[in-house]
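Peer 1: Starting off with a structure, shown below.
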Amino acid sequence: MSVESTQAFVLPDFYLPHPARLNPNVEHARAHSTRWARRMGMLDAPGPDGVPVWDEPALARMDYALMCGYTHPDCDAPMLDLITEWYVWVFFFDDYFLESFKYARDLAGARAYLDRLEAFMPADGEVAPDPENPAEDGLADLWARTVPSMSAAWRARFRTSTHNLLVESMWELQNIDAGRIANPIEYIQMRRRVGGAPWSANLVEVVNAELPSHLAERRAVRVLSDTFSDAVHLRNDLFSYQREVQEEGENSNAVLVFEKFLNCPTQRSAELVNDLLTSRLQQFENTALTEVPALLAEHAATPAEVFAVATYVQGLQDWQAGGHEWHARSSRYMNAEAQTATWSLPTRPSGLGLSGLGASGLGTAAARLGVPVRTRQYVHARFAPVGPLPLPDFHMPYPVRTSPHLEDARRHNLEWSAQMGMFEAIWDRNRFVGMDLAYCAAMIHPDASPGQLDLTSDWLSWGTYGDDYYPVVFGATNNLAGAKASHIRLGLFMPLDGAPVPEPLDPMERGLADLWTRTASSLPRSARVRLRRAIRSMTSSWLWELANQAQQRVPDPVDYVEMRRRTFGSDLTVALSRFSHADVVPEALFDHRVLRELDTAAQDYACFLNDVFSYQKEIEVEGEVHNLVFVLEQFLGTDRFVAVGLLNDLMTARMAQFVLIADHDLPALIAELELDAAVGAALRRHADYLKNWMSGILEWHRRATRYTPEELRGRGGLDAKILQ
């Protein structure tokens, strides 16, 4: 019988840059983890039908000791035992949850089950309850054996990762219950939370070395974890499609998500998922070889800190290679004719220095195996004459409302921008008047007071000016050091405790100094910290754009979407929105899935529509690569007309998700958490603000001259010369 007739699709050729190595202690871990699972009661725990979820032969076939032997090839026997038992626990949890709650659509029972599990990761001074089932028994045992050797910072990260993979299982269950398949962006970011790979990255620290706490949340290190996680999950989705989708009725699988969203055959969907997997692996490599060394140098990392980060990179590479090997061999998955690439000797490759960061010959294994490596990220002609992009039929369910104070805001905004010096080099008065940023502010904040509307208009001017300023002043000469110095200096104009600021040297510094004083002076310190963080997020994202331009590198699609929210100033927009109810809504509530997804769905809609309108300006006039239409062109190997149609489909899907959350999930959350009337009203106001923000930004793009052919003809010659 052919592979095609027995499998849902033919597995694609995988990018395998790091052949797997096998730990010599696997047999010991097999025996030890089997005894442990039996002692925890996992081998006779009945499902709802009375049949055990697992038995010993089933555990032996799945062979988690082999998985851990491949993913952690260098650790000693006691450590491999511990890590294997963590994975036995997490897979038992997943299968038990499926049998007991997903099949039965038992939302209430699932919530109660998950709430109790979290109690078995007690913080210092807390006491866990007595375990009542195998999952609780196993978690209590593993927590007690693992955390004593780790810092409080690691414990917090691990608690968060474990919380996410437990609690976000409800998202999967709710989608199954509603028969809903996520859109691709929602799927990637939610799979990262529910899929468990960030949790696996935390365990890499247990095995190898703990990350320095002051570096763990920096972009470069976070991207290592995120790209690792996405690649692990996408690979798993390819191997598990047949079991999850065709046998278990799951709908949380990237192959299915792409298949339904793109309306394409399963085989084509699998190939696209593999392309994205390859892109994420190459994003990992690029980050490890360019951003991580720069981060370590910037923070004057000690030799011990360099070693910790280098072994973390090595550990994630080992996990990727070993995870693939296990998927290719385990009875749990569809793996006929799957590629394997194993080194028989469990010897650590050399090269853990700062320059290589453990990347021993990146890409060489792929060359040996004959696997095609994506090159389109670096092959393109800047300043290509693309012409105007036809605008699609945007889906916008919310009406536009405009502030009655618009004319006064226009006069104020023009005067303020002139005072800050914004018409001296990058802009002129005519261009500014045509942009009409006060009009955008008046639709974003239709109910604002005159003073509030002036402030919003000025923030829009400052952010838009900065978006133009950095490419012209620093990008034209690839002056990354100058851009970094500017970013650092801007931080001096946002003091948290009234510290003196230096004399501003340019419009960026003058504008920020004025806006910070007007905005932050009335805020509590915690709100000032959040505002400062949002502004730093935006200005640092401009450095990321310049670094890509210097490499002539088209961003990975996932990295682009996540960074686009920063480059567009969306984080700043949300931060400014929250200040009106900062004293009402607990900050931690905004990390709940419902509110986080509400924000990011709105942000993506606004960012993507900007990419459609600005396509000719950015690609033809400015020589940019940071535009999702262009990113999709390069990733899919298609033309801009197909790419913009797909982008509009993404916008429509994100809007549909926003509407679902605003109309259904948000009221359900308010009821479920029994939030008081003031908090509920504040959250509804936040949703209304985002509705005005999206509809206002769309209307502004339709009316402003910033993206018109006439405007581009007027500035094309000058800007092209500057940027070349």
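Values in this text are rule-based calculations from the coordinates and carry no lab data. Bear in mind that the values here come from a model prediction, so they are computed numbers and not experimental data. FYI the Cβ positions are ideal-geometry reconstructions off the backbone, even for glycines, and counts take in every protein chain you see.
Peer 1: Looking only at Cα atoms, what is the convex hull volume of the range 481-534 per residue, in Å³? It would help to have the intermediate numbers written out before the result.
Peer 2: On the way: hull volume 4.1 nm³, N = 54.
Hull volume over Cα atoms, normalised by residue count, gives 76 Å³.
Peer 1: Using +1 at the C-beta of Lys and Arg and -1 at the C-beta of Asp and Glu, which of A527, V167, G138 has the Cα lying farthest in the positive direction of the dipole of the chain?
Peer 2: The listed residue farthest towards the positive side: A527.
Peer 1: Could you give each residue of the range 183-199 its phi-based ³J(HN,Hα) in whole Hz, using Karplus coefficients 6.51, -1.76, 1.60 with θ = phi - 60°, and x for Gly or Pro?
Peer 2: Listing the rounded values in order: 6, x, 5, 4, 4, 4, 6, 7, 4, 4, 8, 8, x, x, 5, x, 4 Hz.
Peer 1: Can you tell me the order of 47-60, 599-612 when each peptide is scored by its average per-residue count of other Cβ atoms within 10 angstrom, highest first?
Peer 2: Values: 47-60: 13.5, 599-612: 23.9.
Put in order of decreasing packing, that is 599-612, 47-60.
Peer 1: Tell me, how many Å apart are the Cα centres for the range 258-296 and for the range 1-80?
Peer 2: 25 Å
Peer 1: Still on this structure, I have one more. Just order 183-190, 472-479, 672-679, 497-504 by mean Cβ neighbour count inside 10 Å, highest at the front, would you? Write down the numbers at each step before the final one.
Peer 2: Values: 183-190: 21.4, 472-479: 16.5, 672-679: 12.0, 497-504: 9.8.
Going by the mean number of other Cβ atoms within 10 Å, highest first, we get 183-190, 472-479, 672-679, 497-504.
Peer 1: Can you give me the angle between helix 219-241 and the longest principal axis of the chain, using Cα atoms only, in degrees from 0 to 90, rounded to the nearest 10?
Peer 2: Approximately 50 degrees, to the nearest ten.
Peer 1: Follow-up. If neighbour count is taken as other Cβ atoms inside 10 Å, put D141, D130, D115, D226 in order from fewest to most. Could you put the intermediate results ahead of the total?
Peer 2: Details: D141 17, D130 7, D115 11, D226 24.
Going from least to most buried by this count: D130, D115, D141, D226.
Peer 1: May I ask you to list the residues of the range 528-550 whose amide nitrogen lies under 17 Å from a point 7 Å from Cα along the Cα→beta-carbon direction of T477?
Peer 2: Zone members listed by number: 546-547, 550.
Peer 1: Let me ask you something else. Which of the listed residues, M121, V204, V621, is farthest toward the dipole's positive end in the chain, when Lys, Arg count +1 and Asp, Glu count -1 at the beta-carbon?
Peer 2: With unit charges placed on the Cβ atoms, the residue in question is V621.
Peer 1: Next up: For D106 and V400 in one chain, what is 0.36 nm times their gap in residues minus the Cα-Cα distance, to one decimal in nm?
Peer 2: Numbers: separation 294, 0.36 × 294 = 105.84 nm, distance 4.11 nm.
Full extension from D106 to V400 adds 101.7 nm.
Peer 1: Still on this structure, please answer the following. Rounded to the nearest 20 Debye, what is the dipole magnitude of the range 517-673 about its Cα centre when Lys and Arg each give +1 and Asp and Glu each give -1 at the C-beta?
Peer 2: Working: 17 positive and 22 negative charges, 175 e Å.
I would put it at about 840 debye.
Peer 1: Let me ask something additional. Can you list residues whose amide H is under 5 Å from A20's amide H, if they're 5+ apart or on another chain and H is modeled 1.01 Å from N?
Peer 2: Placed amide hydrogens put A341, T342, W343 under 5 Å from A20.
Peer 1: Still on this structure: Taking other Cβ within 10 Å of each residue's Cβ, how do W171, W86 sort, fewest first?
Peer 2: W171, W86
Peer 1: Right, another one. Test of understanding: what is the full-extension gain from R145 to Q552, defined as 0.36 nm times their sequence separation minus their Cα-Cα distance?
Peer 2: Values: separation 407, 0.36 × 407 = 146.52 nm, distance 4.78 nm.
Here the answer is 141.7 nm.
Peer 1: Could you tell me how many degrees, from 0 to 90 and to the nearest 10, lie between the Cα long axis of helix 709-723 and the main elongation axis, the longest principal axis, of the Cα atoms of the chain?
Peer 2: 70 degrees
Peer 1: Three principal axis extents, largest first, for the C-alpha atoms of the range 1-118, in Å?
Peer 2: 44, 42, 26
Peer 1: Would you calculate, for the chain, the mean residue ellipticity at 222 nm contributed by helices, counting each DSSP H stretch of 4 or more residues as -39,500 (n - 2.57) and dividing by all residues, to the nearest 500?
Peer 2: Working: 33 runs with 448 residues, N = 724.
Result for the chain, helices only: -20000 deg cm²/dmol.
Peer 1: Lys/Arg Cβ at +1, Asp/Glu Cβ at -1, dipole of the range 406-456 taken about the Cα centre: which of A448, S417, L406 is farthest positive-ward?
Peer 2: S417
Peer 1: I need the Kirkwood Rh of the range 601-699: take the reciprocal of the average 1/r across all distinct C-alpha pairs and report it in angstrom.
Peer 2: Over the range 601-699, the inverse of the mean reciprocal pair distance is 15.2 Å.
Peer 1: Now for a different question. Using alpha carbon centroids, what distance separates the range 175-215 and the range 397-453, in Å?
Peer 2: One Cα centre to the other: 41 Å.
Peer 1: Please report Rg (one decimal) and Dmax (integer) in Å for the Cα set of the range 240-302.
Peer 2: According to the Cα coordinates of the range 240-302, Rg and Dmax are 17.9, 52 Å.
Peer 1: Here's a follow-up. Determine the dipole magnitude for the range 251-339: charges of +1 sit on the beta-carbon of Lys and Arg, -1 on that of Asp and Glu, nothing else is charged, the reference point is the Cα centre, and the result goes in debye to the nearest 20. List each step's numbers first, then the result.
Peer 2: Values: 5 positive and 10 negative charges, 79 e Å.
Using Cβ point charges on Lys, Arg, Asp and Glu, the range 251-339 gives about 380 debye.
Peer 1: With +1 on the Cβ of every Lys and Arg and -1 on the Cβ of every Asp and Glu, and nothing else charged, how large is the dipole of the chain about its Cα centre, in debye rounded to the nearest 20?
Peer 2: Charge dipole of the chain: 1540 debye, to the nearest 20.
Peer 1: Quick one: the Cα spread of the range 3-353 along its three principal axes, in angstroms, biggest first?
Peer 2: Between the extreme Cα coordinates on each principal axis of the range 3-353 lie 57, 51, 36 Å.
Peer 1: Then there is this: List the equivalent ellipsoid semi-axes of the range 384-468 in whole Å, largest first, each obtained as the square root of 5λ for an eigenvalue λ of the Cα gyration tensor.
Peer 2: Working: eigenvalues 108, 94, 18 Å².
So the equivalent ellipsoid measures 23, 22, 9 Å along its semi-axes.
Peer 1: Hey, another quick one. Looking only at trypsin sites (Lys or Arg not before Pro) in DSSP loops with at most 13 other Cβ atoms within 10 Å, what is the longest site-free stretch of the chain?
Peer 2: Working: sites that count: R105, R180.
After excluding every exposed loop site, the longest remaining stretch is 181-724.
Peer 1: Given (1) 1.03; (2) 1.19; (3) 0.98, which label gives Cα Rg over 2.2 N^0.38 Å as computed from the coordinates?
Peer 2: Among (1) 1.03; (2) 1.19; (3) 0.98, the one derived from this structure is (3).
Peer 1: Continuing with this model, one more query. So if I average 1/r over every pair of distinct C-alpha atoms in the range 554-724 and take the inverse, what Kirkwood radius in Å does that give? Let's see the in-between values first.
Peer 2: Working: mean 1/r = 0.0568 Å⁻¹.
Result for the range 554-724 stands at 17.6 Å.
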